[in-house]
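Participant: Below you will find the structure I want to go over with you.
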Amino acid sequence: MDTDIACPFGEDSLVNVIDCDSAIALYEANGHDNYDPVILRVKRRRNSLLPVSRLHRELLHSVFQLALPNQRFGPKYKDHPFQYYDALFKIRQVSHSWDREMSTTPLFWTLTSSEFSSPFLELVLERSHNAALNVVAVSSQGLSDYWRSAEVYWREAVKAYLTRVMERGIRELHVRVPTGENLDPYIVDHLNPGMKVLSLYGEGQLTSTRPLQTPQLVDLHLVGCSLPWNHIHNLRRLSLKEATSPNLAQLVQILHSSPMLQELNLSRIAPPPEDASNQAVMPPDSIILHHLSTVSIQDSLNLASGLLYRLFPSTTCHASIHQQLDGEFDMSGFCQQAGRICLSEGLVGQVIEPRLHVLPHELSLQMGPGRRLRVCIPGWSGRERKSMTPGRTELARFFLEGGKGILSKVSISRLHLRVESRSVVAEVLAITHDFFPEIVELNTTIDEGMDMFAVLAEPINGEGNPGWTLPKLSVLNVKLRGGGDPYDSVITMAEKRMHAAALSPSALSAITTLRFAYGRVTRESLESLDRLGIKYELESVAVL
């Protein structure tokens, strides 16, 4: 087939996509296949005329960045650098112009990994030119056991890699350090004026005695690591896990010197008992962080108990606090300060559905997305009976007292309860009335104690006109776990409340809808609901 068949269109006359499509169709009609150089030239001309090929360079870079995987990651995802470049090479195949733009822009070639082959690492370093690197050095072993590796020292290839990349400017550094390795020669001893992000994951208790040379560091993530804390300041994100430092005085100093802090995560930080001399150097002022939007504290009681009294984050801060105890500790003040932080002004005007769980070994209160307190004590219910620890409902009250002024300004019409014993049901209903008197719908999951719902149909004795427990309640959902009594006592309560509501409609709402899940109920009780016009729904309930 002659490949020089003339075409009525010269390339200069191909001024739009339609012209190009017509030329391609004509070439194909003359026997040229799709990979003929003539057709490929027209196709490239067509691609250059598409709107996407005429995007401004900065806008095109934004498109690339949105299409590529985020370069921020944790060590669990050792394969992330490979996934990043796999996506990059796929994007380069879209067009010659995209390939040329991506291949010649250092911005897209800054992610390096100790797992790269030598030729590919050289290619990345060459194409990144002098751009600051995002450096990853993790073990090639032990991904099934993410936190711990069998390696005691870095492999020689990893040492050579770190030595090579640390000669360049570093923007982000993510390194997992084996138990026997010394961090200082590879990282601490290097001046890193442009480093913004540092993540260190110690296989044991990694300790460095010399301060970091990272004046622009804003994001610090440490697991099993201890550093000289007095040189760390102006952070935006601080995440510490599984370490014996900082102590409270050091942490307070870090927070005071980081007024723009946005995220604080503390998990299993167990410093030794506070030295009395630290109190003299600890700033006495409150820690006011207007930009702090996320606080997560887990099993770090020695720090949290002193921190919460001082901490004043943004009013929209999401706070999650989880503490497990094995010994004796007065949690009343701790829970009240947790309530102050979780129940902040940011909730005003929102519609939330609080969840209160009182179980044999834990207390959990969730006041909206990212606002939660959870306290766990093994055998807690048994210890309560022996007066060994504060009661679960008592701590729930302390928590809610911490934000009582805010709760009155928040729209709360539905509440979820999970309780496990008869006595706790009564106490939790009292808490519900004291702090959430406006609720319309109550969802409860209980193990026993349905007769305790009788308080919903009994007036509250007091001075002046008697009141009612949860006077606006009209929907009651009860889910029974285990055996327990039938639902007849709940139905009797609903009947009494309806009669009382008929006499005082302005003071009390009747329960108009009952929903039961599991358990059993008598047919006579259901017929009584039908006569009164009370709606009911049954899910896996045995009718006797």
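The values are calculated or read from the model by the stated rules, or taken from the named source; none is laboratory data. The model shown is predicted, which means the values in this text are computed figures rather than measured ones. Cβ sites come from the backbone with ideal geometry, for glycine too, and all protein chains shown count toward neighbours. The accessibility values were calculated without ligands, DNA or RNA, using every heavy atom of the protein model including side chains. Shrake-Rupley method; radii C 1.70, N 1.55, O 1.52, S 1.80 Å.
Participant: Scan region 228-258 for residues that are over 19 Å from Ser300 (Cβ atoms) and modelled with pLDDT of 95 or more and jot them down.
Facilitator: Arg236
Participant: Could you say which residue among Ala507, Ala502 is surrounded by fewer than 16 Cβ atoms within 10 Å (Cβ to Cβ) and not in a helix (DSSP H, G or I)?
Facilitator: From the options Ala507, Ala502, the qualifying one is Ala507.
Participant: If Arg168 satisfies every condition in (1) closer than 22 Å to His80 by Cβ; (2) touching a helix residue (DSSP H, G or I) at 6+ places or on another chain (Cβ under 9 Å); (3) open to solvent by less than 50 Å² (accessible area, probe 1.4 Å); (4) assigned to a loop (DSSP other than H, G, I, E, B) but one, which is the exception?
Facilitator: (3)
Participant: Still on this model: Taking the criterion of being open to solvent by 20 Å² or more (accessible area, probe 1.4 Å), at pLDDT below 85, in contact with a helix residue (DSSP H, G or I) (Cβ under 9 Å, 6 or more places away or on another chain) and of a type in the set (Phe, Trp, Tyr), would at least one residue in region 137-150 satisfy it?
Facilitator: No; the residues of region 137-150 include none that is open to solvent by 20 Å² or more (accessible area, probe 1.4 Å), at pLDDT below 85, in contact with a helix residue (DSSP H, G or I) (Cβ under 9 Å, 6 or more places away or on another chain) and of a type in the set (Phe, Trp, Tyr).
Participant: Any residue that is within 25 Å of Ala502 (Cβ to Cβ), of a type outside the set (D, E, K, R) and outside any helix (DSSP H, G or I) - is there at least one of those in region 395-413?
Facilitator: yes
Participant: Return yes when Val223 is buried (at least 22 other Cβ atoms within 10 Å of the Cβ) and either without any contact (Cβ under 8 Å) to a residue 40 or more places away in the chain or not in a helix (DSSP H, G or I) (or both) and no when it is not.
Facilitator: Yes: the conditions hold for Val223.
Participant: Hey, another quick one. Would you point out which residue out of Glu495, Glu448 is open to solvent by 30 Å² or more (accessible area, probe 1.4 Å), assigned to a helix (DSSP H, G or I) and either in contact (Cβ under 8 Å) with a residue 24 or more places away in the chain or not acidic (Asp, Glu) (or both)?
Facilitator: Just one listed residue meets the conditions, Glu495.
Participant: When region 358-376 is examined, which residues are found to be open to solvent by 50 Å² or more (accessible area, probe 1.4 Å), in contact with a His (Cβ under 9 Å, 6 or more places away or on another chain) and within 20 Å of Asp330 (Cα to Cα)?
Facilitator: Residues satisfying the conditions are Arg372, Arg374.
Participant: Applying the selection to region 89-137, what residues are of a type in the set (Phe, Trp, Tyr), closer than 24 Å to Lys196 by Cα and part of a helix (DSSP H, G or I)?
Facilitator: Phe108, Trp109 - these are the residues of region 89-137 that are of a type in the set (Phe, Trp, Tyr), closer than 24 Å to Lys196 by Cα and part of a helix (DSSP H, G or I).
For every residue, the table says whether it meets (1) at pLDDT 90 or above; (2) under 32 Å from the mean Cα position of the chain (by Cα).
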| site | (1), (2) |
| --- | --- |
| Val375 | yes, yes |
| Gly391 | no, yes |
| Phe398 | yes, yes |
| Glu401 | yes, yes |
| Ile406 | no, yes |
| His416 | yes, yes |
| Ser423 | no, no |
| Gly464 | no, no |
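Participant: Only one of these conditions is not met by Asp530: (1) out of contact with any strand residue (DSSP E or B) (no Cβ under 8 Å at 6 or more places or on another chain); (2) touching a residue at least 40 places away in the same chain (Cβ under 8 Å). Which number is it?
Facilitator: Exception for Asp530: condition (2).
Participant: What is the residue count in region 324-363 for residues that are of a type outside the set (A, V, I, L, M, F, W, C), without any contact (Cβ under 8 Å) to a residue 40 or more places away in the chain and within 23 Å of Leu442 (Cβ to Cβ)?
Facilitator: Qualifying residue count for the region: 1.
Participant: I need the full set of residues from region 101-117 which are open to solvent by less than 10 Å² (accessible area, probe 1.4 Å) and touching a Phe, Trp or Tyr at 6+ places or on another chain (Cβ under 6 Å), in order please.
Facilitator: Met102, Leu111
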